[in-house]
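Reading through the structure tokens given below for one structure.
The values are calculated or read from the model by the stated rules, or taken from the named source; none is laboratory data. This is a predicted model, so every value here is computed, not measured. All Cβ positions, glycine included, derive from the backbone under ideal geometry; neighbour counts span all protein chains shown. With ligands, DNA and RNA removed, areas are computed over all heavy atoms of the protein, side chains included. Shrake-Rupley method; radii C 1.70, N 1.55, O 1.52, S 1.80 Å.
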Amino acid sequence: MKFNKTTAMKLMKTILFMLLIGLALGYTMSCSDDLEDEIIEDELTQGDDNGDGNDDDDGGGDDDNGDDNDDDGNNDDDGNNDDDNDDDNDDDEDDDEDDDDYDDYDEIDRHPSLYLVRLDPSVTEEEIADLLEDLNSEEIWHREEINLRLWNTTAFPYTDAQSQQITNIDEQIARARTRARLNDVAFNLGSSVRSPMASQNQFCFNNVNSLASLGSNQVKISIFDSGIDENALLAAGYALDGYSGYDYVEDDGDPNDENGHGTQIAGLIYSLLAQGQELDNIEFDIRKTHDGQGVGFISDLIPAILDAVNEGAQILNFSFSYRDINGDTQDRPLRLAIDYAEANGALMIASAGNTNVNNDTDNIVAFPASYPNANIISVASTSCDNNLSGFSNFGRNSVDLAFLGENIPTVGLNGNEADKSGTSYTSAIVTAMVAIMASQEGSMDGIKCSLMQTSVYFDGLKDRVASQGTIDFTSALSNMDSCN
């Protein structure tokens with residue numbers, strides 16, 4: 001074929017046309033790839049509600065992390081340093097219905113380093129030493145009565161034998177639960193004694209100020225709280241100066257009150273018993289389990305209960321509560337101490353709590369009031385019109401009785417009177433009632449039964465407490481024989 005100038009020009013045009021087509025096709029493919037990448041990226045972004053690349057598939061639907069669950073430290077308890085109104089405590093309930101125990105523990109006060117363990121009874125001292133070294137811990141106490149030990153993590157963070165760093169008590173508990181020979185490991189729960197506001201500005205304590213005369217039986221009452229200021233009580237005319245006891249916070253024999261709540265409770269019980277009569281057959285036993293801020297842990301309460309029972313206490317007053325997960329409580333550390341007290345015939349009066357929750361069904365409830373032991377009298381608070389107080393916990397099965405708990409006259413650290421409200425003060429009043437009944441009756445068995453059977457029905461308490469009404473103490477006192 002002979003190439004001339006015309007033929008060459010045609011060939012060059014053909015080649016140029018083909019090159020342009022190739023460039024066009026390449027650009028189209030590139031745009032297609034870019035579009036596909038954008039679609040994939042957009043789909044990933046739509047899967048992240050917050051647009052931050054985190055899928056947020058935790059089912060929570062928000063970022064509040066449960067912060068609406070009363071993290072302000074008002075743990076069902078009532079003292080003299082807090083005027084917070086607990087009427088709005090957790091009525092909204094969690095909508096995510098997350099039953100994970102560790103999420104629930106975010107709502108529960110726990111000691112940052114102390115924890116409780118139960119070991120296999122056959123474990124040797126050498127094995128215990130190895131476990132303590134492995135868990136970077138030291139033993140604080142061991143109570144053989146209930147096979148329970150208190151261990152303290154000496155420092156966080158630490159690196160375990162598997163080169164894993166343990167940084168907090170949650171990780172420590174999780175790791176300890178994997179160790180052989182450890183039958184059970186539990187958090188050291190805490191509580192704070194605080195006083196809610198009364199739901200109504202009504203005063204009717206004078207209607208119950210005079211109870212009944214004491215009998216001749218010897219009765220020992222142990223009060224577990226922030227201690228006692230006997231000088232403040234003496235200034236108010238309460239001669240409560242002869243008592244036994246111990247300070248488990250400072251580990252000494254002087255249960256001196258630096259908070260005021262314990263003095264209020266002890267003074268209220270004393271004043272209801274000493275109505276123009278000597279208290280020769282009533283012994284007060286003061287066990288300081290809460291510090292000057294009103295904070296206490298079960299690591300102090302458990303040995304206090306065991307010691308009180310071992311030293312002959314018949315009535316135990318718990319004018320506070322610990323929040324814990326509702327469920328099987330059989331092997332929980334505090335329950336072990338309660339079981340021990342029950343086996344030794346002690347009767348316990350416990351506050352139902354001040355967070356306005358159902359102790360039967362809510363996920364986080366008040367203990368020891370919610371334990372199923374027959375020797376616990378769990379009490380709710382009422383107003384002057386015999387309705388449940390706005391702050392009071394309740395429970396058709398777990399709360400036994402109800403009685404006045406609003407605007408109760410008490411004596412504080414300065415010896416001056418102050419009107420206080422809360423299930424703490426209901427518990428103190430019921431403790432005085434039980435002490436009078438015990439002084440007249442040789443057996444403790446009929447006391448709880450009589451208080452429940454003779455309670456007066458009120459519509460406002462129907463299905464809120466087991467007795468369906470408020471205590472009628474005069475009837476209960478005369479009905480004890482029918483319950484034995």
Q) For N201 and K462 in the same chain, what is the full-extension length gain: residue separation times 0.36 nm, less their Cα-Cα distance, in nm? A) 91.6 nm
Q. How many Å² of accessible area per residue for region 310-445, probe 1.4 Å?
A. 26 Å²
Q.
Shape verdict for region 359-449, please, from the Cα gyration tensor: rounded (a/c under 1.5), prolate (a/b greater than b/c) or oblate.
A. oblate
Q) Using the Cβ atoms and a cut-off under 14 Å, what net charge is assigned to the surroundings of D400, where Lys and Arg are +1 and Asp and Glu are -1? A) +1
Q. Largest first, what is the accessible-area ranking of W141, W151 with a 1.4 Å probe?
A. W141, W151
Q. Rounded to the nearest 5, what % of the DSSP beta bridges within region 332-484 are antiparallel ones?
A. 40 percent
Q) Which ³J(HN,Hα) values in Hz, rounded to whole numbers, follow from the phi angles of region 147-158 under the Karplus curve 6.51 cos²θ - 1.76 cosθ + 1.60, where θ = phi - 60° and Gly and Pro get x? A) 6, 10, 10, 10, 10, 10, 6, 5, 6, 10, x, 9
Q.
On alpha carbon coordinates alone, what is the Rg over Rh value for region 141-209, Rh being the Kirkwood radius?
A. 1.31
Q.
At 7 Å along Cα-to-Cβ for each site, give me the label-to-label distance between S216 and D130 in nm.
A. 6.2 nm
**Q.** Long-range amide H partners of L148 with built H, under 5 Å
**A.** R143
Q | Mean Cβ count within 10 Å, highest first, over the residues of peptides 324-335, 251-262 | A | 251-262, 324-335
Q: Mind putting a number on the dipole of region 154-211 about its Cα centre? Charges go on the C-beta only, +1 for Lys and Arg and -1 for Asp and Glu, and I need it in Debye to the nearest 20.
A: 100 debye
Q: Calculate what fraction, in whole %, of the accessible area of region 103-206 sits on carbon and sulfur atoms when a 1.4 Å probe is rolled over the protein chains.
A: 43 percent
Q | Nonlocal amide H pairs with N354, under 5 Å, H built at 1.01 Å | A | D76, D77, N393
Q: Report, to the nearest whole %, how much of the accessible area of region 314-472 belongs to carbon and sulfur atoms, 1.4 Å probe, protein only.
A: 41 percent
Q: Any chance you could look up the accessible area of S443 with a 1.4 Å probe, heavy atoms only, rounded to 10 Å²?
A: 40 Å²
Q) Based on the mean of other beta carbon atoms within 10 Å per residue, what is the order of 407-415, 236-244, most packed first? A) 407-415, 236-244
Q) Using θ = phi - 60° and the Karplus form 6.51 cos²θ - 1.76 cosθ + 1.60, what ³J(HN,Hα) does each residue of region 244-258 get, whole Hz, x for Gly and Pro? A) 9, x, 7, 9, 7, 7, 9, 6, 8, x, 10, x, 6, 7, 10
Q. For region 235-312, taking Cα atoms only, what is the radius of gyration to one decimal and the Dmax to the nearest whole Å?
A. 13.1, 39
